[in-house]
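All of the numbers you see were taken from the coordinates with simple rules; none came from a lab. Because the structure is predicted, anything quoted here is derived from the model rather than measured. Note: ideal-geometry Cβ built from the backbone for every residue, glycine included; neighbour counts use all protein chains shown.
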Number of protein chains: 4
Amino acid sequence: MKYKVAILGATGMVGQKFIQLLENHPWFEISGLMASEKRVGKIYGSEVDWIVSERVPENVSEMEMLPMDPRKVDADIVFSALPSDVAKDVEARFASHGFVVASNASAFRMEPDIPLVIPEVNQEHLKLVDVQKRNRDWDGFIVTNPNCTTIVLVITLKPLMELGLKVVRMASMQALSGAGYPGVPSLAITDNIIPFIRGEEDKVETEPLKLLGSFDGEKIRFADLSVSASCHRVPVIDGHTEAVFAEFEKDVEVDEIIDAFESLKPIADLPTSPERVIIVRDEPDRPQPRLDRDAGNGMSVVVGRIRKDGERGVKYVAMGHNTVRGAAGASILNAELMVKEKLI
Amino acid sequence: MKYKVAILGATGMVGQKFIQLLENHPWFEISGLMASEKRVGKIYGSEVDWIVSERVPENVSEMEMLPMDPRKVDADIVFSALPSDVAKDVEARFASHGFVVASNASAFRMEPDIPLVIPEVNQEHLKLVDVQKRNRDWDGFIVTNPNCTTIVLVITLKPLMELGLKVVRMASMQALSGAGYPGVPSLAITDNIIPFIRGEEDKVETEPLKLLGSFDGEKIRFADLSVSASCHRVPVIDGHTEAVFAEFEKDVEVDEIIDAFESLKPIADLPTSPERVIIVRDEPDRPQPRLDRDAGNGMSVVVGRIRKDGERGVKYVAMGHNTVRGAAGASILNAELMVKEKLI
Amino acid sequence: MKYKVAILGATGMVGQKFIQLLENHPWFEISGLMASEKRVGKIYGSEVDWIVSERVPENVSEMEMLPMDPRKVDADIVFSALPSDVAKDVEARFASHGFVVASNASAFRMEPDIPLVIPEVNQEHLKLVDVQKRNRDWDGFIVTNPNCTTIVLVITLKPLMELGLKVVRMASMQALSGAGYPGVPSLAITDNIIPFIRGEEDKVETEPLKLLGSFDGEKIRFADLSVSASCHRVPVIDGHTEAVFAEFEKDVEVDEIIDAFESLKPIADLPTSPERVIIVRDEPDRPQPRLDRDAGNGMSVVVGRIRKDGERGVKYVAMGHNTVRGAAGASILNAELMVKEKLI
Amino acid sequence: MKYKVAILGATGMVGQKFIQLLENHPWFEISGLMASEKRVGKIYGSEVDWIVSERVPENVSEMEMLPMDPRKVDADIVFSALPSDVAKDVEARFASHGFVVASNASAFRMEPDIPLVIPEVNQEHLKLVDVQKRNRDWDGFIVTNPNCTTIVLVITLKPLMELGLKVVRMASMQALSGAGYPGVPSLAITDNIIPFIRGEEDKVETEPLKLLGSFDGEKIRFADLSVSASCHRVPVIDGHTEAVFAEFEKDVEVDEIIDAFESLKPIADLPTSPERVIIVRDEPDRPQPRLDRDAGNGMSVVVGRIRKDGERGVKYVAMGHNTVRGAAGASILNAELMVKEKLI
């Protein structure tokens, strides 16, 4: 018997990715696709502008789209691929009606009683769920995953914390799929770079402090770390590449860094968990988004070019699949963790 | 009467750019195109794989290519677009035979008695020419311009020096033309980023120290500055984009930074000098290489997204045309300055 | 004294191109920019998403946008870059109020009493203006130019008509700018081709028959020719490339075809007219959109790869700038011709 | 027990694709990788510039490369991904030494006694092998597959032959991978089309006549058909798109054409055979290379936009994966057929 899952925002880029990743999922099966008012009642396969593979998977192609109304949805878990402004109301509505919401939206990420989770980084933050339910008097609850750029970055920062990480500066080269569909016009990005992504730097500079913080039984104490980001859009379909400059309290060696990266453990027994959370490549010209984004079925972060940067610094390049590890796959992994932890 | 100029390495990407920029130059006219052994005696227009515009300019199309032999060349100035390994011998040979060599090659840039010059940044370094001629017993001399990525960066760093600039971290997104022709294979870079450019980071981390240093009458005292670079290739034809994180000794404000950028003065009366050396854009999404690379006929550096980065830091994005301001135009501007300074 | 010109649809891709081409026009100066309801009263430079060059030209940057109301506009000529559905009403309104409308929209192109004109192809069709004014009882009149793909094709077909052209099959590879802005999403076209452009094939198959037809004093008698098109979108910014297979009534030789192409004469004394209407390239790999689209300031059509195709056929590749020769430049050239012919 | 297969030209683009497709092949296992002189003795994984996926498959990564010498190779089948000029000698040498050579090279395709085969189109041509062995006194033999563009085209032409197909005109939009690696320079094709591929049109115009011809017991009688091609390179990684104009002897209807396409049967029980040889899509904007090239694991040809073209004509767009169905997959399918037919 599989858990029933429903998807909020099923027609967008991340919604499509949820559907693709859930097509043959061993634990979850799609029981509902929710869309905005004007699409309710329409057939998913006829309505969606499907862009992520050859065809809409058969299991959802004939589904009639449902309203974003908790009373009309039959599901154990609700995945949310909603834009943030819509998510605020809709996710709360579902949580208050008893649903477990695994959300990719930014609306609730920084709320003190909402867990913001990457399983391999801070699974103990799930305990915030009790606080949340107590605070909000909801029958269900919301668990969020971070922004796509944050996830790739923080997975690499986590193992560096014990080495005395203090300041992180990061310049990103972000894929087109991060802007959704239709998203970036081709005339804007062909033979071009756009050195700006609205709201992105703020997310990347704040979310890591919560993710790398510690749960004290009541709330998250933010990590003592400074993160500065410069975010840029590049003409790449999938895969965010990040050039990271990391400063430490004390001397660090490249070998220590590699060891730290490779020691980050996957969560055992979760179907979406990759064999290796971080893959370190030693070729001088890796990671590359087109070649590396599908590593670990899109769930591994690939790191390369690790080199000293002054006495107390290193620099490196990290890359991860922004709509898998950075979005739909992140929510699904969170849901799997919640099943394992008996939260569902 | 125009000065006669000859071009070493005339068939490559930068060689083509020299020809394009010199087509209607008011001071210079092309008197010779030098190429490698196997092309000597061939007609330029039939031999070159011309890629920078519709057609090979008429003034050079029928020229027979010359050997890289000073005795066969009649010119007041020799521009060099040679690869570094070839440049070492050839440029020295021309200089020793009395030619003024304005070189874009890296071979001599860091030699203590060879000027490495950006006119608006360190024109006084041209005085090294006397030291050079004395040291080397050459009748001519060599003046170099920096690496393309360095030039764009250093033009923005120069006005920040007085504000107490201490540490610079920079992540570049570099254009395809920087790798020459054929250069980067399309299969390597379509829907992709390559996070590595051989030798580039080393140049970008050392050349600025010389450029921003001071001439003490005998040699250049290097600037007290630390530069760290992470260099990446992106699918853009022309225009290097650079995300800069700058740390200062003391607090700085965005307004001071803008004032500093806008106060960098062009050299008066040089034909290739742009009206504005640095153009500051206040739109949130500029500079963009495709839209901004031709600003100031490709000789302006365009800066945007200037924002605070902690108390003592700022971050910004700079962009410049890598084969104009960053290569052929740089050498031509140096030559113009030498004419003005009566070195030619 | 220059003629005053106003632009309908000034913020779109073609509207921007009108502004760019008119910036320093010797005969015309922009007196008004008309936009849709919600933009009326706003400042052009702040409102437009300017995408065709570094900056909005100064002469229009501060203009307040006007409604599409003939009573509010002071102009000798109105250029229309409207979408077809809007054009139907608006252009008629302007023409009935006495304006000369030079339109790039498709709304009126195939109306029997509306001239559809490419100056070098069928300038005598301008005589339809008298019929039009008589029929419609308008004080002004409308003159249209063809679809962008049609223009490039028909300029090459015109000189072939005398050689007995009978059947034309054409497969196009069309640039992104033809779809306007935002137009084609980057996710739809990166590493991809879209083999469909709505409504395009129908235009390309019918407009040539009118353009190549003859005016009998009352109406256009359509040319006896069959045109079949297959239209495809490719990841190219500007420049439509067309692979043409042409069948004739009798044997033709490549030399005749070349002579015919090169004999097509420009209209003398029009500022926007190129020196050569068709440029024949003999290199095996031309025309190429990026290298050739600016030939003749974007007003030449470049042809290459002319080769026999059976006894009575030839095939060749034609390429032209779709937003210059194929849109804004086409309308401007028509307007210049009307000035020369004293229609304005 | 699997058949041992060795690959000639293992480091190139098609060689890599052979390795990728053979990684877990149920019938074949790689026993040798042959490369040019300078690579012999080197380790494949260290030497190859692997570009088709994240990593070189483990089964070949540590293999030492062999010379192209039949005495050094242990294999039941030799796959050839050699360039044509090298193939001429090398493939003959292997065939004369008793090897079965399944070749993707063009060297022998049009030789009268060498089968040129697409299993679903003309499997009976394999009988030429007897003629070949008799003629050439070889212990082994060569079987070739067509050019990548030809394959996609001919698979769609085969079912049309019975409807009276007479003349085919085809304009291709071909992927970068067709030019091998490094192949097309990025500076040549970014924001561009190259309307020329050396030798391609000649292959596409002649190979179909052999493929669609009939074996009369001694030789192939060429089909009575005229094919004209115009071949163009576009910035797409994989997947050749072809706009086809087909003329018939008599009236044809779109429904007949669809039925014909869908009736082309796959060869039963071959592991690489797709479920559907031709997939007809009825959406107006398909096929698209990025979305459709992996249909049938890259072995299906996807057809769309089928429409009348005059009374006796139809036009349509076909697309197939050029390095799978059009190259490595084609040779492997031929080898599988030979196994089934007991030729191996």
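Here are a few things to note about the model shown:
- Acute angle (nearest 10 degrees) that the helix B:200-211 long axis makes with the longest principal axis of chain B, alpha-carbon atoms: 90 degrees
- Alpha-carbon centroid distance for the pair segment A:146-198 / segment C:128-161, whole angstrom: 51 Å
- Gap separating the Cα centres of segment C:50-111 and segment C:311-342, nearest whole Å: 20 Å
- Candidates B:Phe222, B:Ala246, B:Met299 compared by Cα position along the dipole of segment B:215-337: farthest toward the positive end lies B:Met299, with charges placed on Cβ.
- D (Stokes-Einstein, µm²/s), Kirkwood Cα radius, segment A:114-196, 1.002 mPa s at 20 °C: 134 µm²/s
- Computed over chain B with a Gaussian network model linking Cα atoms closer than 10 Å, the most mobile of B:Pro119, B:Pro182, B:Pro274 is B:Pro182.
- Starting from the label point of C:Asp69 at 7 Å along Cα→Cβ, the same points in the other copies fall at 4.4, 8.0, 9.1 nm, in ascending order.
- Minimum Cβ-to-axis distance in chain C for the rotation onto chain A, with residue, whole Å: C:Ser186, 2
- Residue list for segment B:14-43, given a label point 7 angstrom along the Cα-to-Cβ vector of B:Asp69 and an amide N cut-off under 14 Å: B:34-42
- What separates the A:Lys2 label point from its copies, with the point 7 Å along Cα to Cβ, is 3.1, 6.6, 7.2 nm, written shortest first.
- Alpha carbon convex hull of segment B:45-184, volume per residue in cubic angstrom: 155 Å³
- Here the Gaussian network model covers chain D, with springs between Cα atoms less than 10 Å apart; of D:Ser177, D:Ser106, D:Ser228, D:Ser228 fluctuates the most.
- Pairs exceeding 20 Å between alpha-carbon atoms, taken from A:Lys158/A:Lys265; C:Lys38/C:Lys72; A:Lys158/B:Lys250: A:Lys158/B:Lys250.
- The alpha-carbon positions of the protein assembly as shown define a convex hull whose volume is 193 Å³ per residue.
- Between the listed residues D:Val167, D:Ala268, D:Val184, the Cα displaced farthest toward the positive end of the dipole of segment D:148-321, a dipole computed from Cβ unit charges relative to the Cα centre, is found at D:Val184.
- P(r) tail for segment D:275-344: Cα pairs beyond 15 Å make up 59% of the total.
- Net dipole in debye of segment B:253-300 [+1 Lys, Arg Cβ; -1 Asp, Glu Cβ; about Cα centre; nearest 20]: 360 debye
- Considering every alpha-carbon pair of chain C, the percent of pairs per 10 Å bin, from zero through the bin containing the longest distance, is 6, 27, 35, 24, 8, 1, 0.
- The calculated FRET efficiency for the pair A:Glu249 and B:Glu111, based on their C-beta separation and a Förster distance of 60 Å, comes to about 0.95.
- When the square roots of the Cα gyration tensor eigenvalues are ordered a ≥ b ≥ c, the ratio a/c for segment D:1-100 is 1.5 or more and a/b does not exceed b/c, which makes its shape oblate.
- Here is how the number arises for chain B: DSSP H runs of 4 or more residues each give -39500 (n - 2.57), the sum is divided by the residue count, and the result at 222 nm is -7500 deg cm²/dmol.
- If you wrap the Cα atoms of segment A:148-322 in a convex hull and average its projected area over all directions, you get 11.0 nm².
- Rounded to the nearest 20 debye, dipole of the protein assembly as shown from Cβ charges on Lys, Arg, Asp, Glu: 0 debye
- Look at where the Cα atoms of segment B:268-283 and of segment C:240-257 average out, and the two centres are 50 Å apart.
- Sorted from closest to farthest, the other copies place their C:Lys38 label points 1.2, 6.0, 6.1 nm away, with each point set 7 Å from Cα along Cα→Cβ.
- Residue (of A:Asn104, A:Asn122, A:Leu157) at the positive-pole extreme of chain A, dipole from beta-carbon charges: A:Asn104
- Hydrodynamic radius (Kirkwood) for segment A:44-87, which is based on Cα pairs only, to one decimal in Å: 12.5 Å
- If the convex hull is drawn through the Cα atoms of segment A:110-155, its volume per residue in Å³: 65 Å³
- Highest-fluctuation residue, C:Ile30, C:Ile77, C:Ile237 considered, GNM on chain C with Cα pairs under 10 Å: C:Ile237
- Order of C:Ile258, C:Ile193 under a 10 Å beta carbon neighbour criterion, fewest first: C:Ile258, C:Ile193
- Reachable aspartates and glutamates from C:Lys210, criterion Cα separation under 14 angstrom, eight or more residues apart if same chain: C:Glu111, C:Asp113, C:Glu124, C:Asp202, C:Glu218, C:Asp224
- Point-charge dipole on Cβ atoms (K/R +1, D/E -1) for chain B, about Cα centre, debye to 20: 460 debye
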